[in-house]
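Student: Mind looking over this structure? Questions follow.
The values are calculated or read from the model by the stated rules, or taken from the named source; none is laboratory data. The model shown is predicted, which means the values in this text are computed figures rather than measured ones. Backbone-built Cβ (ideal geometry, glycine too); neighbour counts: all protein chains shown. Side chains included, ligands, DNA and RNA excluded: accessible areas come from the protein's heavy atoms. Shrake-Rupley method; radii C 1.70, N 1.55, O 1.52, S 1.80 Å.
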Amino acid sequence: MHLANRPLVTALCSAVALCAALTGCAPQAEEKAPDRAAGATASCAPGKLATQVPGKVTVGTDKPAYAPWFSDDEPSNGKGFESAVAYAVAKELGYDRDAVVWQHTPFNSAFAPGAKKFDFDINQVSISEERKKAVAFSSGYYDVRQAVVALKSSKAAKATRVADLKDVKLGAQVGTTSLDFITDLVEPEVKPAVYQRNDFAKSALKTGQVDAIVVDLPTAFYITGAEVPEAEVVGQFAASSGDPERFGLVLDRESALTSCVSGAVDALREDGTLAALEKKWLSDAVDAPVLK
Amino acid sequence: MTLHTAPAVHEDGYVPSERRIARERYRRARTRRATAIAATSTLVTGAVLFLLITGSPGWTRTKETFFSAHYARVAFPQVMEGLWLNLRLLAVCGAAVLVFGLLLAVARTLRGPVFFPVRALATAYTDFFRGLPLIICLLMVVFGVPALRLEGVTTDPVLLGGAALVLTYSAYVAEVFRAGIESVHPSQRAAARSLGLSSGQALRFVVLPQAVRRVVPPLLNDLVSLQKDTGLVSIAGAVDAVYAAQIIASKDFNYTPYVVAGLVFVALTIPMTRLTDWVTARMDRRRAQGGIV
């Protein structure tokens, strides 16, 4: 009602002023575009890639960084499988240890649209066709198997087949393929519990709120070996049909580095570096029985 | 608020004057004009905002990441299934919080030296749980209580999470009730006592009805807040609407499910807000007529 007292002009002016204020913000977004386009012409010359910070390679990962992928929650110490892989890839690209900068990138923001702050992200991210619509992946650096961890005292510990897990209360971390294995392969009768972090899943396992949790195999061995000794690895899932599940390095969808990084990963696989790192950091993850 | 008096001919033969009719006509014209200006202004703002956003360089990418029809279809049923958990928690916890909060507030405002321990306990409770971050309270209850391995105590994360919500929210709500109780003028109590009502009767029939009526808007505010916080129970593994969205979003790297969940919550909050407005307006009217007290 009280608008009646204000002239038409004021109302329109305020609208126009608001628009003008917003338009003022717009060019910032546009400035980024030419930069990235220029980067697209870069080649894979060692140490001369069009990285975020010239002369350095910025690697993203989440915090906390879990063992056995990282060690002591400190990616820059070179210990743990993924830390070692990141340094190996950087070296292959022509950047030595000092030129690697680690950056905290929460899982959820690794796939946010818009410019990325990392050159590549290493965070146990499984490659999938759906995900490729949002980000680019390097070649896979690790073939991953999913495994079931249960308290030794629970009924889930006796499972030998996938069907034995149907009436078991299962848990997994959100955003993992572990959860897909539960929903697509096990198809349990009880709704699975989904946790924000593996830490919460472990707590729930310890307190008996879930009978078993599904994690990737190396994590499973780390949990039973170091964190929840009263639990055991029940078994691993056979690889789902078709391509095996692989972890890949995450890059911006428009990143010019993708082919270079993929090339580096491929070279590391060819010369046996990846196998050696796997043996060194994940050697436990060998012979868990396969759940048929 | 403008009061409109109908200019129509009344049973008592009242005929509005020419001057009055002209005045009413003028007023209506001004209203129409205001509406037109507001509509035009809104349209212009909307159009410019639309063009600005759709014209931005990253729009196509943003559109497919946040507003993908495909993912909206995938997410909707699962988000709704999660929302059912939110609604059940809201109903049960909401009722429990109101009862428990009122009890706490009454305990805190009891008079007489004999009640000192009750007052002290209630004060300590509200101080502690109002200060304790909800997420920590949830973690402690949800993972801490089962760790005690007590016989007969549930390990169900939803029940435990609900209990944690009640613990925290009843502390907030108790303070709201207390403010209401203390806003009732002491003369009310004195008058009630002088009429022969006992202390308990004075509280029940004189003080509380006035106190509760005064704090309905802030209470509904807390209820809306509780509605959104019911989702935090998902920290214990239960899947609520927001979490259902997150599961899809992080599986396929698309944010559309979050937008769907957000809209669902907004759609839920709007009726609650309108209800708050309606209740407030109704009470204001009553008070203006001198209906209460």
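Student: Considering each residue of the stretch A:182-197, count those that are outside any loop (DSSP other than H, G, I, E, B) and surrounded by fewer than 23 Cβ atoms within 10 Å (Cβ to Cβ), and give that number.
Tutor: Residues meeting the conditions: 4.
Student: So, one more: Can you name the residue in the stretch A:65-89 that is more than 26 Å from A:S255 (Cα to Cα) and not charged (D, E, K, R) and is also least open to solvent (accessible area, probe 1.4 Å) among such residues?
Tutor: Top of the filtered list is A:G80.
Student: Test of understanding: among B:V259, B:V279, B:V239, which residue is outside any helix (DSSP H, G or I) and touching a helix residue (DSSP H, G or I) at 6+ places or on another chain (Cβ under 9 Å)?
Tutor: B:V239 is the lone residue from the list that is outside any helix (DSSP H, G or I) and touching a helix residue (DSSP H, G or I) at 6+ places or on another chain (Cβ under 9 Å).
Student: If you don't mind, there's one more thing I want to ask. Here are the criteria: (1) of a type outside the set (S, T, N, Q); (2) free of Cβ contacts under 8 Å to residues at least 12 places away in the same chain; (3) in contact with an Asp or Glu (Cβ under 9 Å, 6 or more places away or on another chain). Tell me which single one B:E151 does not satisfy.
Tutor: Only one criterion is unmet by B:E151, namely (3).
Student: While we're on this one: Answer yes or no: is there a residue in the stretch B:264-272 that is in a helix (DSSP H, G or I), at pLDDT 90 or above and closer than 24 Å to B:L98 by Cβ.
Tutor: No: the stretch B:264-272 contains no residue that is in a helix (DSSP H, G or I), at pLDDT 90 or above and closer than 24 Å to B:L98 by Cβ.
Student: Further question: Does B:E24 count as charged (D, E, K, R), outside any loop (DSSP other than H, G, I, E, B), open to solvent by less than 90 Å² (accessible area, probe 1.4 Å) and within 10 Å of chain A (Cβ to nearest Cβ)? Walk me through it before giving the result.
Tutor: Numbers: charged (D, E, K, R): yes; outside any loop (DSSP other than H, G, I, E, B): yes; open to solvent by less than 90 Å² (accessible area, probe 1.4 Å): yes; within 10 Å of chain A (Cβ to nearest Cβ): no.
Criteria not met by B:E24.
Student: Also, I was wondering about something else. Do the conditions hold for A:E82, that is, is it at pLDDT 85 or above and either part of a helix (DSSP H, G or I) or within 11 Å of chain B (Cβ to nearest Cβ) (or both)?
Tutor: Working: at pLDDT 85 or above: yes; either part of a helix (DSSP H, G or I) or within 11 Å of chain B (Cβ to nearest Cβ) (or both): yes.
Considered against the rule, which asks whether it is at pLDDT 85 or above and either part of a helix (DSSP H, G or I) or within 11 Å of chain B (Cβ to nearest Cβ) (or both), A:E82 comes out as yes.
Student: On the given criteria, is B:R33 open to solvent by less than 50 Å² (accessible area, probe 1.4 Å) and either of a type in the set (D, E, K, R) or at positive phi (or both)?
Tutor: Details: open to solvent by less than 50 Å² (accessible area, probe 1.4 Å): no; either of a type in the set (D, E, K, R) or at positive phi (or both): yes.
Against the criterion (open to solvent by less than 50 Å² (accessible area, probe 1.4 Å) and either of a type in the set (D, E, K, R) or at positive phi (or both)), B:R33 does not qualify.
Student: Residue by residue through the stretch B:247-256, note down the ones that are under 15 Å from B:F76 (Cβ atoms) and in a helix (DSSP H, G or I).
Tutor: Within the stretch B:247-256, B:I247, B:I248, B:A249, B:D252, B:T256 meet the criteria.
Student: OK, next. Within the stretch A:200-212, take every residue that is farther than 9 Å from A:Q173 by Cα and not polar (S, T, N, Q) and give me the one that is surrounded by the fewest Cβ atoms within 10 Å (Cβ to Cβ). Reasoning before the result, please.
Tutor: At the first step, the residues of the stretch A:200-212 found to be farther than 9 Å from A:Q173 by Cα are A:202-212.
Filter again for not polar (S, T, N, Q), leaving A:202, A:204-206, A:208, A:210-212.
Numbers: A:K202: 22, A:A204: 24, A:L205: 27, A:K206: 17, A:G208: 15, A:V210: 29, A:D211: 23, A:A212: 25.
That would be A:G208.
Student: Give me the pairs: first residue in the stretch B:49-71 and more than 10 Å from chain A (Cβ to nearest Cβ) and under 22 Å from B:A245 (Cα atoms), second residue open to solvent by 60 Å² or more (accessible area, probe 1.4 Å) and modelled with pLDDT of 90 or more, beta-carbon distance under 7 Å, and six or more apart or on different chains, which are they?
Tutor: Within 7 Å, no pair qualifies.
Student: If you don't mind, there's one more thing I want to ask. Among the residues of the stretch A:104-117, what is the count of those that are closer than 9 Å to A:T61 by Cα and either surrounded by 17 or more Cβ atoms within 10 Å (Cβ to Cβ) or touching a helix residue (DSSP H, G or I) at 6+ places or on another chain (Cβ under 7 Å) (or both)? So that I can check it myself, show each step before the final result.
Tutor: The initial filter retains those residues of the stretch A:104-117 that are closer than 9 Å to A:T61 by Cα, namely A:104-107, A:110.
The next check asks that each one be either surrounded by 17 or more Cβ atoms within 10 Å (Cβ to Cβ) or touching a helix residue (DSSP H, G or I) at 6+ places or on another chain (Cβ under 7 Å) (or both); those that pass are A:105, A:107, A:110.
Matching residues across the stretch A:104-117 total 3.
Student: Still on this structure, I have one more. Sort out which residues of the stretch B:169-187 are in a helix (DSSP H, G or I), open to solvent by less than 50 Å² (accessible area, probe 1.4 Å) and either of a type outside the set (S, T, N, Q) or over 15 Å from B:G94 (Cα atoms) (or both), and write them in order of number. Write out each step before concluding.
Tutor: At the first step, the residues of the stretch B:169-187 found to be in a helix (DSSP H, G or I) are B:169-183, B:186-187.
This time we only want the ones that are open to solvent by less than 50 Å² (accessible area, probe 1.4 Å), so: B:169-171, B:173-177, B:180-181.
Correct list: B:Y169, B:A171, B:V173, B:A174, B:E175, B:V176, B:F177, B:G180, B:I181.
Student: In the stretch A:116-157, what count of residues is obtained for those that are outside any strand (DSSP E or B) and within 14 Å of chain B (Cβ to nearest Cβ)?
Tutor: So in the stretch A:116-157, the residues outside any strand (DSSP E or B) come out as A:116-119, A:122-125, A:127-134, A:144-145, A:152-157.
Applying the additional criterion that residues be within 14 Å of chain B (Cβ to nearest Cβ) yields A:116, A:123-125, A:127-134, A:153-154.
Counting residues in the stretch A:116-157 that are outside any strand (DSSP E or B) and within 14 Å of chain B (Cβ to nearest Cβ) gives 14.
Student: Quick check on my filter: what residues within the stretch B:82-107 are open to solvent by 50 Å² or more (accessible area, probe 1.4 Å) and either of a type in the set (G, A, S) or over 22 Å from the mean Cα position of the chain (by Cα) (or both)?
Tutor: Result: B:A91, B:A95.
Student: Assess whether A:K117 counts as being in contact (Cβ under 8 Å) with a residue 12 or more places away in the chain, within 24 Å of B:T60 (Cα to Cα) and either touching a Cys at 6+ places or on another chain (Cβ under 7 Å) or of a type in the set (D, E, K, R) (or both).
Tutor: yes
Student: A:P244 is checked against (1) away from chain B (no Cβ under 11 Å); (2) not in a loop (DSSP other than H, G, I, E, B) and fails just one. What number does that condition carry?
Tutor: The one condition A:P244 does not meet is (2).
Student: Residues that are open to solvent by less than 50 Å² (accessible area, probe 1.4 Å), under 23 Å from B:D240 (Cβ atoms) and in a helix (DSSP H, G or I): does the stretch B:44-54 have at least one?
Tutor: no
Student: Would you pick out the residues in the stretch A:192-208 that are facing another protein chain (nearest Cβ under 7 Å) and free of Cβ contacts under 8 Å to residues at least 40 places away in the same chain?
Tutor: A:A193, A:V194, A:Y195, A:Q196, A:F200, A:S203, A:A204, A:T207
Student: Considering only the stretch B:149-164, state which residues are more than 9 Å from chain A (Cβ to nearest Cβ) and either outside any helix (DSSP H, G or I) or modelled with pLDDT under 80 (or both).
Tutor: Across the stretch B:149-164, the qualifying residues are B:L150, B:E151, B:G152, B:V153, B:T154.
Student: Further question on the same structure: So B:R213 fits all but one of (1) more than 25 Å from B:L121 (Cα to Cα); (2) over 17 Å from the mean Cα position of the chain (by Cα); what number is the exception?
Tutor: Only one criterion in (1) more than 25 Å from B:L121 (Cα to Cα); (2) over 17 Å from the mean Cα position of the chain (by Cα) is unmet by B:R213, namely (2).
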